[in-house]
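*Asks:* Quick one: the structure is below, questions incoming.
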Amino acid sequence: MLIKPEGIASGAVGKVVSKFEDKGYQLKKMKQVAVSKATAEAYYGDNAAAVAAIAGQDAVAMVWAGPGAIAGVAKLVGSFDTPGTLVCDLALTAEKAVVECATSKESAAKLIKLWLPPVDTRGVLPEIKQGRIDDMIKQWTAATSEPFISFEYFPPRTPELVEKLHATIEVMAKQKPLFMDFTWGAGGTTSDLTLDLSKSAQTKHNLMVNMHLTCTNQEKEKCDYGLTEAKKAGICNIVALRGDPPKGQAKWVATEGGFNCALDLVKYMRANHGDYFSIQVAGYPEGHPDRIKPVKDLGRELTATEKERLVEMDGIEYVCSDDDFEIELNYLKEKCDAGGNIIITQLFYDFAVFDSFMKQIRAKGITAEVLPGIMPLNAYGGFKRMTGFCKTRIPKNMMIEMDKFKGDDCKDAFVEFGLKWVADLCQQIVAAKLCPGLHFYCLNQSERSYQIMERLGYLRSV
């Protein structure tokens, strides 16, 4: 909502804040802004009188969250002929309102964009010479202690959706991510799409691509083809992964003459392509899903570190045991020692688990930079499916709060909860100085990642 210059002079700001807080609303953002003529014209259009009345003066813009969202705010703001509303009670004359508000999501977005453009609190960011991700990170950390961002996408299956994704990336590229990822389907099912998208995106959007490559459930020749074509296109960043089994297949299997695991692929890439590629490998703060097993199968009490990683799904407790986690850590070190340059983690929502993971890998002598995988929350059902598939730990306090918003009538409240939780998680990671950047799993859309970045103060005004 907007409080006009006359409202500032008449003390309307305090009255508005008091009224909304009394009604249970939360003030998310407030700023006094100098209104330029261009901003006034963009907002009021051809209404010359309205433009003249505000241009060159200060106004106060506010963003509120609470009961009824936009409709609830509009009801409190009201109109001239509704006593008890802000417009009526604060009006200077019968026709001169000093407050106004958005009445739809579209008008709210317009108000926020005009009056409260985002500010990247990281300041002037370094110019990085494009190339291998490990080299780019070295340049970044030598120039600033602020975190960079990177985005991950998956290849759509139709030409129309590919064009839509390109349009999304074109917008998101203005946020200056250090690089962008494209995933590789299970068993190579989207390999051609991934390769085509990676080649076109790196050229079209002038961003370095980090192409995923899985090595099991597919012929070695497909991996060779992917690496050769990537190299031809100037792609010098690869995420080396074992991969998930194709849909309908319970377990992954090694193809005859192929690779057994990501470690095999890392070794193969270094042996056959030297140092051309920066090789990124996966890290699992809670243990790989294949090693997260029912607690009852252990037949003993959990250790303190196992309790940290405890996962509960549908009333059943699961955990990656200390013995299995030790195997995970040793395997991660093998991947790094064989040539893995950077670690990108599986999604997680418990900072304590990530902090413990970082301490344990450093104790193992793993020195590679780690990029935490940040997955925004979009909808309750989708979140439960994703975390169930990945066997992700949901902290008890998170689950208790989240379950309050699982109904269809609580979608906006769930989104707000998710934004706060993930932004807080990111702030803890950054404050602990554990990582040089944040890697966002965007699910091919900008909205949630942007909302988190804005709360962190990392969203650029473009």
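The values are calculated or read from the model by the stated rules, or taken from the named source; none is laboratory data. Computed from a predicted structure; not experimentally measured. No Cβ is skipped: glycine too gets one built from the backbone with ideal geometry, and neighbour counts run over all protein chains shown.
*Asks:* Return yes or no: is LYS433 of a type in the set (Lys, Arg) and modelled with pLDDT of 95 or more?
*Replies:* Considered against the rule, which asks whether it is of a type in the set (Lys, Arg) and modelled with pLDDT of 95 or more, LYS433 comes out as yes.
*Asks:* Here is a follow-up. Please work out which residue is surrounded by the fewest Cβ atoms within 10 Å (Cβ to Cβ), limiting yourself to the stretch 130-160 and to residues that are over 19 Å from LEU438 (Cβ atoms) and in contact (Cβ under 8 Å) with a residue 12 or more places away in the chain.
*Replies:* Among residues in the stretch 130-160 that are over 19 Å from LEU438 (Cβ atoms) and in contact (Cβ under 8 Å) with a residue 12 or more places away in the chain, the one surrounded by the fewest Cβ atoms within 10 Å (Cβ to Cβ) is ARG157.
*Asks:* For the stretch 34-58, what are the residues that are assigned to a helix (DSSP H, G or I) and either aromatic (Phe, Trp, Tyr) or surrounded by fewer than 14 Cβ atoms within 10 Å (Cβ to Cβ) (or both)?
*Replies:* If the condition is that a residue be assigned to a helix (DSSP H, G or I) and either aromatic (Phe, Trp, Tyr) or surrounded by fewer than 14 Cβ atoms within 10 Å (Cβ to Cβ) (or both), then LYS37, ALA38, ALA42, TYR43, TYR44, ALA48, ALA49, ALA52 are the ones that fit.
*Asks:* Right, something else. For the stretch 80-95, what are the residues that are exposed (fewer than 13 other Cβ atoms within 10 Å of the Cβ) and either of a type outside the set (A, V, I, L, M, F, W, C) or not assigned by TED's automatic domain parsing to the domain that holds LYS15 (or both)?
*Replies:* Answer for the stretch 80-95, where residues must be exposed (fewer than 13 other Cβ atoms within 10 Å of the Cβ) and either of a type outside the set (A, V, I, L, M, F, W, C) or not assigned by TED's automatic domain parsing to the domain that holds LYS15 (or both): ASP81, PRO83, GLY84, THR93, GLU95.
*Asks:* Report the residue count in the stretch 76-99 for those that are within 16 Å of LYS4 (Cβ to Cβ) and assigned to a helix (DSSP H, G or I).
*Replies:* Total meeting the criteria: 6.
*Asks:* Please enumerate the residues belonging to the stretch 242-264 that are in contact with a Leu (Cβ under 7 Å, 6 or more places away or on another chain) and modelled with pLDDT of 90 or more.
*Replies:* Listed by number, the list holds a single entry, ALA262.
*Asks:* Let me spell it out: the conditions are (1) modelled with pLDDT of 95 or more; (2) in a helix (DSSP H, G or I); (3) not basic (Lys, Arg), and PRO177 meets all of them except one. Which number is the exception?
*Replies:* All conditions are met except number (2).
*Asks:* Is it the case, given these coordinates, that VAL73 is in contact with a Cys (Cβ under 9 Å, 6 or more places away or on another chain), over 29 Å from PRO147 (Cα atoms) and part of a helix (DSSP H, G or I)?
*Replies:* In short, yes.
*Asks:* Could I ask something else about it? So GLU152 clears everything in (1) acidic (Asp, Glu); (2) in a strand (DSSP E or B); (3) more than 17 Å from the chain's Cα centre (by Cα) except one condition, right? Which one?
*Replies:* In the conditions (1) acidic (Asp, Glu); (2) in a strand (DSSP E or B); (3) more than 17 Å from the chain's Cα centre (by Cα), GLU152 misses (3) alone.
*Asks:* Looking only at the stretch 339-383, count how many residues are at pLDDT below 95 and over 17 Å from the mean Cα position of the chain (by Cα).
*Replies:* Residues flagged as at pLDDT below 95 and over 17 Å from the mean Cα position of the chain (by Cα) within the stretch 339-383 amount to 1.
*Asks:* Does the stretch 7-30 contain at least one residue that is hydroxyl-bearing (Ser, Thr, Tyr), in contact with a strand residue (DSSP E or B) (Cβ under 8 Å, 6 or more places away or on another chain) and under 27 Å from ARG448 (Cα atoms)?
*Replies:* Taking every residue of the stretch 7-30 in turn, at least one turns out to be hydroxyl-bearing (Ser, Thr, Tyr), in contact with a strand residue (DSSP E or B) (Cβ under 8 Å, 6 or more places away or on another chain) and under 27 Å from ARG448 (Cα atoms).
Yes or no, residue by residue, for (1) surrounded by 14 or more Cβ atoms within 10 Å (Cβ to Cβ); (2) among the hydrophobic types (A, V, I, L, M, F, W, C); (3) free of Cβ contacts under 8 Å to residues at least 60 places away in the same chain; (4) more than 30 Å from LYS420 (Cα to Cα):
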{"site": "ALA9", "(1), (2), (3), (4)": "no, yes, yes, yes"}
{"site": "VAL13", "(1), (2), (3), (4)": "yes, yes, yes, no"}
{"site": "LYS23", "(1), (2), (3), (4)": "yes, no, yes, no"}
{"site": "GLN32", "(1), (2), (3), (4)": "no, no, yes, no"}
{"site": "VAL60", "(1), (2), (3), (4)": "yes, yes, yes, no"}
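*Asks:* Pairs only if they're at least six apart or on different chains, beta carbon under 6 angstrom, first in the stretch 267-282 and touching a residue at least 24 places away in the same chain (Cβ under 8 Å), second in a helix (DSSP H, G or I) and β-branched (Val, Ile, Thr); list them, first residue then second.
*Replies:* SER278/ILE133; ILE279/VAL266
*Asks:* Is it the case that MET386 is among the hydrophobic types (A, V, I, L, M, F, W, C), closer than 23 Å to PHE182 by Cβ and crowded, with 19+ Cβ neighbours inside 10 Å?
*Replies:* For MET386, the condition - among the hydrophobic types (A, V, I, L, M, F, W, C), closer than 23 Å to PHE182 by Cβ and crowded, with 19+ Cβ neighbours inside 10 Å - is not met.
*Asks:* With the condition kept exactly as written, say whether any residue in the stretch 194-214 is at pLDDT below 90, in a loop (DSSP other than H, G, I, E, B) and in the same structural domain as PRO289 (by TED's automatic domain parsing).
*Replies:* No, because not a single residue in the stretch 194-214 is at pLDDT below 90, in a loop (DSSP other than H, G, I, E, B) and in the same structural domain as PRO289 (by TED's automatic domain parsing).
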